[in-house]
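To start, the structure itself, in structure tokens.
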Amino acid sequence: MSIHEQQRQDERERLNDEPLPTQQPEEGEPAGADDESAEQELEEATERPVDEGGDDLTRAQRERDEYLSLAQRTQADFENYRKRAAKEAAGAGERAKAGLVRELLPVLDNLERALASANSPDDVVAQGVKLVHADLVGVLQRAGVEAFDPAGEAFDPTVHEALTTRPAEDGVHPGTVLDVVEKGYRLNDTVLRPARVVVSA
């Protein structure tokens, strides 16, 4: 083998042993690792709207439940207010009625005194007073007012007012109502005026 042939063979072997040059990616073209990262970001970007949509749905459902609960509480509060207002209005009506009846009771007492002091029950004036008294008693009864006369009953300080005492008579227990000076009146279960009485001592 000549020297020239030997040199050419050595040159070929040297070229075969050198590594091939790595091809650099062109500008704007991602490398292999960058390709994987870009693909992952693309997948996340594709999946993100679905996740956010799920969050929006959950948030909308939570807000719906909150608004529903608020509406239910508001409705319950309004119903309680309506019942309370109706109860207060009824109570105010009862108090107004009771106040009016209390004002009328002295008039009723005076009519009864006039009838008791009439010279003759057949007198024309007495007949007129009797009619007025009957009309007034009827009006009060229709309004739920009733009179009570506790003569002979045991004294009860919750419904009787003792004006004076008198020694007990034979067979009468102490603390018994002997005389009724003014009858008592009730409106339903409320005592408008206690009976004014004389009690045995």
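The values are calculated or read from the model by the stated rules, or taken from the named source; none is laboratory data. Just so it is clear, the model here is predicted, and its values are computed rather than measured. Neighbour counts run over all protein chains shown; Cβ positions are idealised from the backbone, glycine included. Only protein heavy atoms, including side chains, enter the accessible area calculation; ligands, DNA and RNA are left aside. Shrake-Rupley method; radii C 1.70, N 1.55, O 1.52, S 1.80 Å.
For this structure, a couple of remarks:
- ARG166 being within 25 Å of ARG95 (Cβ to Cβ) and basic (Lys, Arg): no
- Residues of region 88-133 satisfying the condition of being over 20 Å from ALA143 (Cβ atoms) and either open to solvent by 80 Å² or more (accessible area, probe 1.4 Å) or of a type in the set (Ser, Thr, Tyr) (or both): GLU88, ARG113, ALA116, SER117, ASN119, SER120, PRO121, ASP122, VAL124, VAL125, LYS130
- Within region 153-190, the set of residues being among the small types (Gly, Ala, Ser) and surrounded by fewer than 18 Cβ atoms within 10 Å (Cβ to Cβ) comprises ALA154, ALA162, ALA168, GLY171, GLY175.
- Residue tally, condition touching an Asp or Glu at 6+ places or on another chain (Cβ under 7 Å) and either among the acidic types (Asp, Glu) or part of a loop (DSSP other than H, G, I, E, B) (or both), over region 152-189: 2
- In region 125-150, the residues that are of a type in the set (Ser, Thr, Tyr) never reach a residue that is surrounded by 14 or more Cβ atoms within 10 Å (Cβ to Cβ) and modelled with pLDDT under 90 with C-beta atoms less than 6 angstrom apart, at least six apart or across chains.
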